[in-house]
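Taking it in order: structure first as structure tokens, then the write-up.
Throughout, read-outs are computed from the coordinates displayed, never taken from laboratory work. Just so it is clear, the structure is predicted and the values come from calculations on it, not from any experiment. No Cβ is skipped: glycine too gets one built from the backbone with ideal geometry, and neighbour counts run over all protein chains shown.
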Amino acid sequence: MTLRIIPRGWLRSIKPLLPLLFAISFIAVLFANNFWMSALSQQPRQEIRGVWMTTNDKDILRDRRKVADAVSKLKQLNFNTIYPVVWNSGYAMYPSPVAQQREIQPFVYRGLDGQDMLADLIAQSHSQGLLVIPWFEFGFMAPPTSELALNNPDWLTQKQDGSQTSNEAGGEVVWLNPLHPEVQKFITEIVLEVTTQYNSDGIQFDDHMSLPSEFGYDAYTVALYTKETKKAPPTNFEDPAWVRWRADKITAFMSQLNQAVKAVKPNAIFSISPNYYEFAYKHHLQDWLAWVRLDIADELIVQVYRPNLESFISKINRPEMQETQKKIPTGVGIMTGLRNRPVSMQQIQSQVRAVQEYGLGVAFFYYESLWEDAPESLNDRLSRFRTFFPISAFRTALQIPRRAATFPPPPPPKPETKKKPNQPKKNSQPLALPTTKRN
């Protein structure tokens, strides 16, 4: 082996070129870094492949072996997210000190072995690489006979005629006033309890985190509206200004709720699952597009429970869906059946294919109806579901930590008034302004 030594004269000859070579190397590294950052930014957002677990799945959730079987099936079918119910009918579906302090006694919260059902589901799901985002189902809605409603009559809102109930999918219900500070405090406490007490990956709110537009004529809301606008609420509950005012109040609360959640768990996924936008805003005062634009929502799943494929596609191919899709993980809720209304695999398959053609994620309502109480056999349903997600899509809760923008934004500072000429100065020293700490 011959060792070649570089002559010293050659090193002296390239010495003047070293700054140029360094600059070229720096530019090359910078270009490569920008290239990879650009490539990463163009990667598709995390695809939602989820399923809701409802009170109808209670028998599954109570049994550890059934939970293990459910999680294993979902993993094999390349699902990546489970949304278990934690708030329904005015009751917490887990051991809740906050609810018990309000004398709201839980009717189910332990498994067959005495285990905490939510903690067990989270542990088993995380071991298989699935996210668990507890689902705050009933939102501001509650049965009129619930302890929540009976113990807090001043928390309820009403229609213009004084009536307090409406008929929803859950039957006859009353509505907590989302503008009332005590209601907001209670809801925040429940949400933060779930967020801090469990190793979950976020929290989800659906179409009931809202208020039907007929409501809002209770004494508290009327007084607040009159104070802020100097006039009484319109008799037409669909009056655009009246709708906007109430919707903005709900948006302001959701902004505060997001900030509270992020303060205790910055990477928590703040998920929303509303109705399609036109209906959600006009009929339920739920301006979820503003929630997306204000960074209140970290993911969106729009419920589109329609058997007609043409109507289904018209709801998922909307400008607001396209706008949201560019910003956060966006999916569509697909009905897979109810106990008294099974859904065929043909309908489910056609809707899944349509959603995937638009590059959207999907969440199914609900787990038990995926292959139980169905018109097809268990094996047939399972074989069809295997075709939906042939490749796994890993999700992570480690998103960019962010909090919602404050809504409404704080008013701009008042302009300084000019002093009158020849007015003597009271103090020639500058005022010491208080400092604020940014999060």
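The Kirkwood radius of the range 47-388, taken over pairs of alpha-carbon atoms, gives through the Stokes-Einstein law at 20 °C and 1.002 mPa s a diffusion coefficient of 104 µm² s⁻¹. 3J(HN,Hα) along the range 317-328, derived from phi through the Karplus expression 6.51 cos²θ - 1.76 cosθ + 1.60 where θ = phi - 60°, amounts to 9, 10, x, 5, 5, 5, 5, 5, 4, 6, 10, 9 Hz, with x in place of Gly and Pro.
The value given for the range 169-211 is a Kirkwood hydrodynamic radius of 12.1 Å, derived from the mean inverse Cα-Cα separation. If r is the Cβ-Cβ distance from Thr235 to Ser163 and R0 is 25 Å, what FRET efficiency results, to the nearest 0.05? Approximately 0.95, to the nearest 0.05.
The protection proxy used here, the mean number of other Cβ atoms lying within 10 Å of each residue, ranks peptides 279-290, 216-227, 365-376 as follows, highest first: 279-290, 365-376, 216-227.
The C-alpha radius of gyration of the range 176-318, expressed as a fraction of 2.2 N^0.38 Å, stands at 1.12. Using only alpha-carbon positions in the range 112-232, the gyration tensor eigenvalues give semi-axes of 34, 16, 13 Å once each is multiplied by 5 and square-rooted (largest first). An ellipsoid equivalent to the range 107-174, defined through the eigenvalues of its Cα gyration tensor, has semi-axes of 35, 14, 10 Å when rounded to whole angstrom and sorted largest first. Each residue of the range 335-352 was assigned a 3J(HN,Hα) from its phi angle through the Karplus expression (A = 6.51, B = -1.76, C = 1.60, θ = phi - 60°), giving 6, 9, x, 10, 4, 9, 8, x, 10, 6, 5, 4, 5, 4, 5, 5, 6, 4 Hz with x at Gly and Pro. Building the convex hull from the alpha-carbon atoms of the range 289-350 and averaging its projection over directions returns 4.9 nm². In a DSSP loop and with at most 15 other Cβ atoms within 10 Å, the trypsin sites (Lys or Arg not before Pro) in the range 317-415 are Lys326, Lys327, Arg339, Arg402.
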